[in-house]
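Heads up, the thing below is written out as structure tokens.
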Amino acid sequence: MAVTIAAVQMCSGTDPVRNVETMRRLVREAAAKGAVYVQTPEMTGALQRDRAGLKAILRSEADDLVAAAAAELAGELGIHVHVGSTAIALSDGKVANRGLLFGPGGEKVCSYDKIHMFDVDLDNGESWRESAVYSPGAVARMADLPFARLGFAICYDVRFPELFKTQAQAGAEIISVPAAFTRQTGEAHWEILLRARAIENGVYIIAAAQAGVHEDGRETFGHSMIIDPWGRVLASAGGTGEAVVLAEVDPAAVKAAHAKIPNLRNGRAFTLEMVGEPAKGGVAA
């Protein structure tokens, strides 16, 4: 059964109340255009680099403004609303980078805590230590929706293909990759990585992104995308500002891709052997 899905692009600031207002408007726009599933970007609730500022706005999931608004929207519009992620206060004093999916009745369907932490030093001087604030998840998650089996990933997870392969082998037909990619890494790798994950696994990829210059000073790449199981970009947004991108997805296309290239079935176990002497100051060729 083919259905329309949407990714909404945002430029979230530091105020969750304003960000929720933006989310409401964009989700309603997507639903009005026929989307039965709408995904928002990573850190929909707020992009806030300052730890004291982040701590001031943190709430538990039960009290979170974004979660409450998404549940309300899902029930009001009769669709699935997927908060790509938002910062959630945990009972042990730590923070989760958590995705939340709500069903057409407003019920929570699934949550996913980002597994891989963005701890990097970039050429332009940007340095990120996500693990200094966020507690990494340890459980991959999938959810059966009326139209497809949905797998979950968030941003930096896209660089770990084993997560995607595991979900595809378990029957995922769509894998979500909401993100707040930096401009530098986005220009180099965003589309390439998303298309590679779609092709390798024969799945749809939907990636709602943050875009533009944010109140906390960071700049994100944007270019929200929906990609089909053959690696074709079905819809994409620009690099700045808000957007709603929509595409039709059909599980039959997943089956067709797997029939053409059955690599998920063709994989074989192997061992690794090293031969030769290590080169001075390096490794064996």
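Laid out as a table, the results:
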| item | result |
| --- | --- |
| The chain: calculated mean residue ellipticity at 222 nm from DSSP helix runs of at least 4, using -39500 (n - 2.57) | -8500 deg cm²/dmol |
| Candidates Asp15, Asp92, Asp228, ranked by Gaussian network fluctuation over the chain, Cα under 10 Å, top entry | Asp92 |
| Asp144-Glu21 pseudo-label distance in nm [points 7 Å out on the Cα-to-Cβ vector] | 4.2 nm |
| Modelled FRET efficiency - R0 30 Å, Ala170 with Arg232, Cβ distances, 0.05 increments | 0.80 |
| Virtual paramagnetic centre 7 Å along Cα→Cβ of Asp92, amide N under 11 Å, in the stretch 129-164 | 135-138 |
| Mean Kyte hydropathy of -1.0 or more with a Cα span along the axis of at least 15 Å, helices from DSSP in the chain | 16-32, 65-77, 183-201 |
| Residues in the stretch 61-86 that a label on Ala32 would reach, taking backbone N under 17 Å of a point 7 Å out along Cα→Cβ | 73-74, 76-79 |
| Hits among lysines - C-alpha to C-alpha of Lys33 under 17 Å, sequence gap 8 or more where chains match | none |
| Å³ per residue enclosed by the Cα convex hull of the stretch 144-219 | 88 Å³ |
| Surface per residue (accessible, 1.4 Å probe) for the chain, Å² | 45 Å² |
| Residue order for Leu264, Leu47 - accessible surface, 1.4 angstrom probe, largest first | Leu264, Leu47 |
| Projected-area average for the chain over all orientations - Cα convex hull basis, square nanometres | 16.6 nm² |
| Accessible carbon and sulfur surface of the chain relative to its total accessible area, %, 1.4 Å | 52 percent |
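The values are calculated or read from the model by the stated rules, or taken from the named source; none is laboratory data. Computed from a predicted structure; not experimentally measured. In this analysis, Cβ positions are derived from the backbone assuming ideal geometry, glycine residues included, and neighbour counts consider all displayed protein chains. SASA here: full protein model, heavy atoms, side chains in, ligands and nucleic acids out. Shrake-Rupley method; radii C 1.70, N 1.55, O 1.52, S 1.80 Å.
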